[in-house]
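What follows is a single structure, written as structure tokens, with notes after it.
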Amino acid sequence: MKPTLSILSGEKAGEKFVLEENKRYIFGRDQSADLCLPEKKISRRHASLYWDSKRGEIVLEDLSSLNGSYVNGQAIAKPQRLKNKDRIQIGSYLIQLEVTEDVSSDSSIFNLSQPSFFSSSVPRKTDPGFLTFEESSSGDRNRDSFSETGGRLISGKLQELPLADLLQMLSTTKKSGRLVVSKKKIGQVPKANSTTDENIASLYLRDGDLLYVDYKGLYNEEAFFAILNWVSGYFALFPYRDFDFQPVMEMPLEALLLEGFRRLDEARASNLELHSQDTFEVELDEPLDSLKPEELKIFQLAWKQKSMSNIWKNSPYEKQKTSDIVRGLLKSGFLKRDKKD
């Protein structure tokens with residue numbers, strides 16, 4: 001068994017570290033911690049991790065920290081045994097445990113006990129199946145690392161790190177470069193300004209700010225919204241300094257994501273198929289005075305008639321408009337499908 005910690009977010013995003021057998025590691029913001037996480041809301045000695053090789057157990061324990069420790073989104077109140085792919089959250093840091101059966105040494109992964117752990121610019125080889133990180137530097141080290149990574153600063157799979165989470169991570173860590181997102185494996189750097197392939201998009205960042213997006217003849221906001229729903233594929237961040245695109249986007253990333261998710265919700269609602277046998281339950285958690293008159297009429301019909309066939313039959317509007325209103329009521333939560341269906 002070869003347990004490895006992969007840091008997905010925070011200042012050390014992309015770094016990987018292998019655990020030593022039968023050793024307890026302290027996580028916290030104190031510089032003497034085995035895994036130093038320099039963040040105010042993280043306690044000096046926040047949590048501990050222990051790999052018991054005889055029992056085959058890896059156990060995380062919160063050390064009475066102020067803000068708690070989480071595993072897969074759930075706060076832990078007592079020592080918790082971890083399994084492969086579990087995600088630990090401490091402050092804004094997200095750390096994934098990976099366990100393999102390979103017990104051989106791997107110089108591309110640094111041991112937590114080594115002084116180099118505290119360096120944020122150590123070159124490391126890529127892992128094609130997961131997020132990898134490479135800080136650019138100068139001299140022979142940079143040339144060696146460039147050949148190992150193909151020039152990538154960060155690379156990985158969208159299945160492991162969705163685009164929205166990836167962009168938030170790059171924003172938090174203030175990364176710059178050209179982020180290539182592709183439905184196919186990225187063998188080499190695609191030519192800039194030539195992303196006409198429907199499988200490839202380019203997103204340009206400067207100090208964490210998303211400034212320009214290019215995808216299949218679409219640009220900026222529209223290109224961004226077109227690729228936000230990609231749930232599988234690959235990504236790689238390449239160095240890019242010759243930024244001269246116009247116009248650049250002025251909408252901050254948070255606003256872009258909110259608008260993008262709103263559009264995705266609307267698209268899902270508009271594509272919701274309705275059938276004559278569908279029946280609905282009404283929800284009265286929201287005040288009805290927030291509904292438009294036409295929405296209120298259909299809501300009342302759904303309340304009385306229950307079935308979609310009767311709603312269509314008794315609606316004062318044409319079938320398409322009635323269906324659109326029902327979809328809107330489903331989306332806003334005033335209606336929900338009957339669970340008996």
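The table below lists the values:
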quantity: Table column - 3J(HN,Hα) (Hz), region 12-17, Karplus curve with 6.51, -1.76, 1.60, x for Gly and Pro; calculated: 9, 3, x, 6, 10, 9
quantity: Approximate spin-label separation Lys321-Asp52, in nm, with each point projected 7 Å along Cα-to-Cβ; calculated: 6.9 nm
quantity: Gyration tensor (alpha-carbon) shape descriptor, region 276-317, a/c threshold 1.5; calculated: oblate
quantity: Links that overshoot a 19 Å alpha carbon limit, given the list Lys12/Lys174; Lys12/Lys41; Lys184/Lys216; Lys157/Lys184; Lys16/Lys184; Lys54/Lys83; calculated: Lys16/Lys184
quantity: Solvent exposure of region 230-341 as accessible area per residue, Å², 1.4 Å probe; calculated: 64 Å²
quantity: Region 206-337, relative contact order in percent, only Cα pairs under 8 angstrom and at least six apart counted; calculated: 23 percent
quantity: Long-range amide H partners of Leu158 with built H, under 5 Å; calculated: Gly233, Tyr234, Phe235
quantity: 3J(HN,Hα) from dihedral phi, region 306-320, Karplus parametrisation 6.51/-1.76/1.60, rounded to Hz, x for glycine, proline; calculated: 6, 8, 5, 4, 6, 5, 4, 5, 9, 5, x, 10, 5, 4, 5
quantity: Calculated FRET value between Glu294 and Phe261, using beta carbons and R₀ = 25 Å, to 0.05; calculated: 0.45
quantity: Rg and Dmax [Cα atoms of region 213-278; Å; Rg one decimal, Dmax integer]; calculated: 16.1, 58
quantity: Surrounding net charge for Asp30, when Lys and Arg each add one and Asp and Glu each subtract one, Cβ distance under 12 Å; calculated: +1
quantity: Under 5 Å, built H, 5+ apart or other chain: amide partners of Asn67; calculated: Ser43
quantity: Cut-off under 5 Å, modelled amide H: who pairs with Lys23 long-range; calculated: Trp51
quantity: Nitroxide proxy distance, nm - points 7 Å out along Cα→Cβ at Asp197 and Lys157; calculated: 1.9 nm
quantity: Contact order normalised by residue count of region 166-245, Cα under 8 Å, 6+ apart, percent; calculated: 37 percent
quantity: Calculated FRET efficiency for the pair Ser32/Glu61, C-beta based, R₀ 22 Å, to 0.05; calculated: 0.75
quantity: Positive minus negative residues near Gln74 (Lys, Arg vs Asp, Glu; Cβ under 11 Å); calculated: 0
quantity: Accessible-area composition of region 153-236, carbon plus sulfur, in percent [1.4 Å probe]; calculated: 45 percent
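The values are calculated or read from the model by the stated rules, or taken from the named source; none is laboratory data. Small disclaimer: the values here were computed from a predicted structure and weren't measured. Counting neighbours? That spans all protein chains shown, and the Cβs are built from the backbone with ideal geometry, glycine included. For the accessible areas, the whole protein counts, side chains as well, though only heavy atoms, and no ligand, DNA or RNA atoms are used. Shrake-Rupley method; radii C 1.70, N 1.55, O 1.52, S 1.80 Å.
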